[in-house]
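K.L.:
Could you have a look at this structure, given as structure tokens, before my questions?
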Amino acid sequence: MKLKFKSYIYALPLLLAATGLGACDGIFRDHPIDKLPADIIWADPHLVDEYVLPWYRNMDDGFYTYVTTIMKGLGSEYETWYSDQLTVGKSDWYSGDYGSILKSSQQDINTRARTEWSKFYGQINSINTLLENEDKLAPSVKQRVLGEAHFFRAWYYYKMLRLFGGTMIIDRTYDPLVDPVRFPRATYEEMVKFICDEAELASTLLPYENADSDIGRPTKGVCYMLRAKTYFWVAGEHFQNQEKGYLGFPDDRSMEMLDLAAAEYDRVIATGEYGLIQISGTTKKDVVAEYRNIFLTKNSRESIWEVQHANDGDFSYANGHKLDRDAAASSFGGTVAAYNPTQNHVDEYRMENGKRISDKDSGYDKNNPYEGRDWRFYANILYDGAEWNGHTMDIHYETVDGKEVAGEDLTKYGTSTSAAVTRTGYYMAKFLNEKQKIDNDETTASSQNCILWRYAELLLDYAEIDFKRGRTGDALDKVNQIRRRVKMPELTSITWDDIYNERRVELAFEKTIYWDLLRWNVAEKYMTGTTNPLYGVKIVYQANGNRRITNPVVNGRNTVVRYFRARQYYYPLDWDDVRYHGLEQNPEWVEM
């Protein structure tokens, strides 16, 4: 059976149930229907594919649990929610796990950390088990599966490095009930070497390009990108001159790590497999439409690594998701308002002429704040007066008989007492399918893939490296490649603020902004309400025809308190393993 991997990998369990394994019927005549001997699994390519399925499913939740994570505390979507670019509409969420983590609750972060720790080591143990049986794998899939195994072992340790610092490197099967060995915490040096060695080994086994049936599997370029991102991460300011080896380097290794990252980005580029999707339109309307489509196109040339969501959008089973439904404004039947861009982020979009809105000669008009902005603003943000699927967004109030009457997109949909609307005066447009049907069937919704790494991010990473290494001309060229794509004027010179701003705009809401704040060592400033309160916008049309625009605090100093404390640069290690293996816990965490 020939099915594209992006469909096949999530359909496999159902396929096996429906067919009874086809030619493998004899297996179940000799063995229990819910258990199979290991030798049977390793020898059957289809069963091996089912075995590796959890490696993919747990690698990243993509768009699947953006909201359910907040309500249930089950996922790892801290990348999206805990920066300063988005907040949520539902006020009761601040009383749950999401609000507790915003408040830097030790108990809730301990719980989340334990979930992630268990998930990562569970997948690593699965990978180790397969690698110890590599000689039993079917020859037809052996090389590819071994490549996947080494890649994912590197991937999960990379995830652990970012979240926990140096952890226990376990490269063999391990059962504490029968094996008394104790594993120490690895240093940054050891973690980086292990991750990059594994990714390099994987790259020797995997192809440059997948066949259609294998779309979604890692390739050489993805392996090189993982090595690059590892070096890029550990080059961060926060990880230099650390007293403890598992928290960072004992000296300043940032320049060395940046050079190693650059060499890996060169390898990704040299594959010739990736590049920016160019935009042919020249009008604002056309550029906005084509830019939005980049994030709706699965496995494009610009995408290096992405989560493969189901094509039919089946949320109930096949790794679909509800992104469009959860983001929808009330005028489209939305009741969640999960993605509210902040005024903080809106202010990051410069003017169409390339100047900051704070520049005196920028042309910015505070009474008409949405005119003449960077065209990516119109692609990413739904603001009062924006057009979306034939509807003019109504996100303002009108004064009627001395009272403020909310517009359609500030009025809750239906009769649900828990329905929500935007808290910031903005809705998100990036990633969303304008034509997605929003109805009462919550099992079927969206199907777009979640891009984890794309070529634009590679260029911005490399621009940062070039700038820090004094190659300002090269940094300028890479930033301008991205600006040219969206028909914005090229910069004539470059500063750190330019690189920082371009990254925040081009990668808005993507799963990198949170981690940027950590590696730049500025998370305490930007994710704490007293130093960086989140603002929204309130627009009121008055009876005299004038428009009053204010920017109230929506999540910070005067409402829900946001804290990011120094201890949160690393989550706490699982306390059971701390005791059993005699590990030193990350600083300032106590067991709850």
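The values are calculated or read from the model by the stated rules, or taken from the named source; none is laboratory data. If you're wondering where the values come from, they're calculated on a predicted model, not measured in any experiment. FYI the Cβ positions are ideal-geometry reconstructions off the backbone, even for glycines, and counts take in every protein chain you see. When the accessible area is computed, the model is the full protein with side chains, heavy atoms only, and any ligands, DNA or RNA have been set aside. Shrake-Rupley method; radii C 1.70, N 1.55, O 1.52, S 1.80 Å.
K.L.:
With a 1.4 Å probe and all protein chains left in place, how much accessible area per residue does the stretch 243-379 have, in Å²?
P.N.:
Computed with neighbouring chains in place, this is 39 Å² per residue.
K.L.:
Hey, another quick one. How about the stretch 399-490: which GluC sites (Glu not before Pro) there are in a DSSP loop, with at most 12 other Cβ atoms within 10 Å of their Cβ?
P.N.:
Within the stretch 399-490, the qualifying GluC sites (Glu not before Pro) (loop, at most 12 other Cβ atoms within 10 Å) are Glu442, Glu490.
K.L.:
About its Cα centre, what dipole magnitude does the stretch 204-331 give when the only charges are +1 on Lys and Arg Cβ and -1 on Asp and Glu Cβ, stated in debye to the nearest 20?
P.N.:
Rounded to the nearest 20 debye, it is 260 debye.
K.L.:
Any idea of Ile215's accessible area? Nearest 10 Å², probe 1.4 Å.
P.N.:
About 30 Å², ignoring ligands and nucleic acids.
K.L.:
Sticking with this structure for a sec: Quick check: the distance between the Cα centres of the stretch 532-592 and the stretch 414-489, to the nearest angstrom?
P.N.:
22 Å
K.L.:
How large, in percent, is the carbon and sulfur part of the accessible surface of the stretch 191-261 at a probe radius of 1.4 Å? If you can, show how the numbers build up before the last one.
P.N.:
On the way: 1280 of 2520 Å².
Percent of accessible area from carbon and sulfur atoms in the stretch 191-261: 51.
K.L.:
If each residue of separation counts as 0.36 nm, what is the full-extension length gain between Ser95 and Asp252 once their alpha-carbon separation is subtracted?
P.N.:
Gain in length upon complete extension: 52.4 nm.
K.L.:
Relative to the longest principal Cα axis of the chain, at what angle does helix 455-468 sit, 0 to 90 degrees, rounded to 10?
P.N.:
80 degrees
K.L.:
List the chymotrypsin sites (Phe, Trp or Tyr not before Pro) within the stretch 240-335 that DSSP assigns to loop and that have no more than 13 neighbouring Cβ atoms inside 10 Å.
P.N.:
Tyr317
K.L.:
What pairs in Lys90/Lys478; Lys220/Lys478; Lys136/Lys298 have C-alpha atoms more than 29 Å from each other?
P.N.:
Violating the 29 Å limit, Cα to Cα: Lys90/Lys478; Lys136/Lys298.
K.L.:
Kindly express, to the nearest 10 degrees and within the range 0 to 90, the angle between helix 254-270's C-alpha long axis and the longest C-alpha principal axis of the chain.
P.N.:
The two axes meet at around 80 degrees.
K.L.:
Ok, one more. Using a 1.4 Å probe, what is the accessible area per residue for the stretch 110-165, in Å²?
P.N.:
Values: 1640 Å² over 56 residues.
Per-residue accessible area for the stretch 110-165 comes out at 29 Å².
K.L.:
Next question, about the same structure. In nm, what is the difference between 0.36 nm times the number of residues separating Arg182 and Val400 and their Cα-Cα distance?
P.N.:
Using 0.36 nm per residue and subtracting the Cα-Cα distance, I get 71.4 nm.
K.L.:
Over all alpha-carbon pairs of the stretch 204-319, lay out the pair-distance distribution in 10 Å bins, whole %, shortest bin first.
P.N.:
Once binned at 10 Å, the Cα pair distances of the stretch 204-319 give 12, 28, 28, 24, 9, 0.
K.L.:
Given the rule -39500 (n - 2.57) for each run of at least 4 DSSP H residues, summed and divided by the residues of the chain, what is its mean residue ellipticity at 222 nm, to the nearest 500 deg cm²/dmol?
P.N.:
Details: 22 runs with 237 residues, N = 592.
Only helices count here, giving -12000 deg cm²/dmol.
K.L.:
Using 0.36 nm times the number of residues separating Glu132 and Lys435, minus their current alpha carbon distance, what extension gain do you get?
P.N.:
104.3 nm is the gain from fully extending Glu132 to Lys435.
K.L.:
Hey, what angle do you get for helix 142-164 against the long axis of the chain, alpha-carbon based, 0 to 90 degrees rounded to 10?
P.N.:
Computed tilt is about 50 degrees.
K.L.:
How do Ser140, Ser330 rank by accessible surface area computed with a 1.4 Å probe, from largest to smallest?
P.N.:
My answer, sorted largest first, is Ser140, Ser330.
K.L.:
Tell me, how many Å apart are the Cα centres for the stretch 81-129 and for the stretch 159-189?
P.N.:
When both Cα centres are located, 21 Å separates them.
K.L.:
For the stretch 500-578, what is the relative contact order in percent, using Cα pairs closer than 8 Å and at least 6 residues apart in sequence?
P.N.:
RCO, the stretch 500-578: 26 percent.
K.L.:
Among the lysines, which have Cα under 18 Å from the Cα of Lys285 when same-chain residues fewer than 8 positions away are ignored?
P.N.:
Straight-line reach from Lys285, under 18 Å: Lys430, Lys435, Lys487.
K.L.:
Which lysines have a Cα less than 23 Å from the Cα of Lys403, not counting those fewer than 8 places away in the same chain?
P.N.:
Once the sequence-local lysines are set aside, what remains near Lys403 is Lys412, Lys538.
K.L.:
If amide hydrogens are placed 1.01 Å from N in the peptide plane, which non-local residues have theirs closer than 5 Å to the one on Met168?
P.N.:
Here the answer is Ala186, since their amide H atoms fall under 5 Å of that of Met168.
K.L.:
Also: Roll a 1.4 Å probe over the protein chains and send me the accessible area per residue for the stretch 479-592 in Å².
P.N.:
About 40 Å² of surface per residue is accessible.
K.L.:
With all protein chains present, calculate the accessible area of Tyr383 using a 1.4 Å probe and round the result to the nearest 10 Å².
P.N.:
Counting only protein heavy atoms, Tyr383 exposes about 30 Å² to solvent.
K.L.:
Going from most exposed to least, what order do Arg267, Arg292, Arg182 have by accessible area with a 1.4 Å probe?
P.N.:
Details: Arg267 70, Arg292 35, Arg182 115 Å².
Accessible-area ranking of Arg267, Arg292, Arg182, largest first: Arg182, Arg267, Arg292.
K.L.:
Something else now. Heavy atoms only, 1.4 Å probe, whole protein assembly: order Leu458, Leu177 by accessible area, highest first.
P.N.:
If we order Leu458, Leu177 from most to least accessible, we get Leu177, Leu458.
K.L.:
Restricting to the chain, compute how many DSSP beta bridges are antiparallel as a %, nearest 5.
P.N.:
90 percent
K.L.:
Let me ask something else. For the stretch 392-461, what % of the accessible area comes from carbon and sulfur atoms, probe 1.4 Å?
P.N.:
About 44 percent, which is the carbon plus sulfur part of the accessible surface.
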